[in-house]
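Inspection log for the structure reproduced underneath, given as structure tokens.
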Amino acid sequence: MNLESLGMVGVIGAGQMGSGIAQVLAQSGFQVTLVDQNAEILDKALKGIEISLGKLSEKGKIGEAPHSIRERIGKQTHLESLREARFVIEAVTENESLKTKIFRSLDEILPQEAIIASNTSSLPLTRLASATQRSDQVVGMHWMNPVPLMKLVEIIRGHSTSEETFQTTQALATKCGKTTVVSQDYPGFIVNRILMPMLNEAFFTLMEGVATAEDIDTGMKLGTNQPMGPLALADFIGLDTCLFILEVLHDGLGDPKYRPCPLLRKYVEAGHVGKKSGRGVYTY
């Protein structure tokens with residue numbers, strides 16, 4: 001599919017990831033419809049996009065007036081508004097039943113040639129695709145957080161993803177200024193398959209009293225030249241999200257090395273899930 005023929009691109013979910021994806025698409029010249037059933041979340045997302053574009057403009061990172069970019073983003077509360085879309089990116093929370101429900105609805109609503117991409121960070125893409133009658137036109141498109149700043153998009157090929165679907169998805173990511181890597185459909189894909197065991201081991205190191213949280217993070221930052229220590233990064237991602245992905249890895253691969261650390265689980269059970277809750281390993 002030619003990018004020029006896409007017209008409007010749909011993004012479902014106006015949370016941090018969905019709003020970031022919508023912003024980057026608009027910055028790259030696409031007309032975007034951002035869909036969320038919660039009107040308040042939609043308004044909050046669009047306000048956040050305006051602030052983000054303003055900051056980028058002040059720093060000289062974008063060459064177009066922020067209001068011109070913002071005008072390319074429309075908002076809707078119903079999936080039916082995407083009836084004419086030929087490329088839709090689903091970016092709701094990592095809940096397989098919710099994503100499956102959305103995929104079934106999109107399969108009925110969208111034109112026959114439309115591509116459905118999921119921003120899932122760990123769920124089986126092939127299983128999501130099986131909820132549709134167009135599994136060859138379903139693809140994983142895992143954007144990194146924060147979307148406007150991170151350069152990577154991980155593309156996941158499901159069991160039936162066609163070459164045309166892959167090529168269109170890769171071209172769209174490239175037009176958005178992103179570098180792409182390609183993963184087959186296995187739990188965790190590339191990034192989380194490697195990242196989450198490291199974060200998990202940092203929790204085991206903390207739980208066993210090997211070192212303080214500060215020393216673990218400082219050691220990894222300065223010893224391995226990482227911009228953020230693993231425990232601080234886990235707080236930023238969300239400890240509940242980390243736990244969920246580790247459980248997907250553990251269940252999907254059946255290897256005990258992916259067993260979530262009991263201390264990580266305890267933080268989540270206490271509601272201390274990281275920066276978004278004001279408290280995780282660190283207090284914010």
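Laboratory data are not the source of any read-out in this text; all were calculated from the coordinates shown. These numbers come from a predicted model, not from an experiment. Because the Cβ atoms are built from the backbone with ideal geometry, glycine has one as well, and the counts that use them run over all protein chains shown.
Can you give the calculated 222 nm mean residue ellipticity of the chain, where each DSSP H run of n ≥ 4 adds -39,500 (n - 2.57) and the sum is split over every residue, rounded to the nearest 500 deg cm²/dmol?
-14000 deg cm²/dmol, from helical runs alone.
Please give the FRET efficiency for Gln167 paired with Lys266, using the beta carbon to beta carbon distance and R0 = 45 Å, rounded to the nearest 0.05.
After rounding, the FRET efficiency stands at 0.50.
Taking θ = phi - 60°, what integer Hz values does the Karplus form 6.51 cos²θ - 1.76 cosθ + 1.60 yield along the range 118-134, in sequence order, with x for Gly and Pro?
10, 8, 4, 9, 7, 6, x, 5, 4, 5, 5, 4, 5, 7, 10, 9, 9
Tell me the angle of helix 16-27 to the major Cα principal axis of the chain, expressed in degrees between 0 and 90 and rounded to the nearest ten.
40 degrees
Name the long-range amide H neighbours of Val9: under 5 Å, sequence gap of 5 or more, or other chain; modelled H, no Pro or chain starts.
Counting only residues 5 or more places away or on other chains, the set is Gln31, Val32, Thr33.
Mind checking the angle between helix 39-58 and the chain's longest principal axis? C-alpha axes, 0 to 90 degrees, to the nearest 10.
Result, in degrees: 80.
Contour minus end-to-end for Ser105 and Lys175, with contour as 0.36 nm per residue of separation and end-to-end as the Cα-Cα distance?
Gain on extension, Ser105 to Lys175, equals 22.4 nm.
Between the helical axis of 239-253 and the dominant principal axis of the chain, each derived from Cα atoms, what acute angle in degrees is found, rounded to the nearest 10?
With rounding to tens, the tilt is 90 degrees.
Could you tell me the relative contact order of the chain? Use alpha-carbon pairs under 8 Å, at least six residues apart, and round to a whole percent.
14 percent
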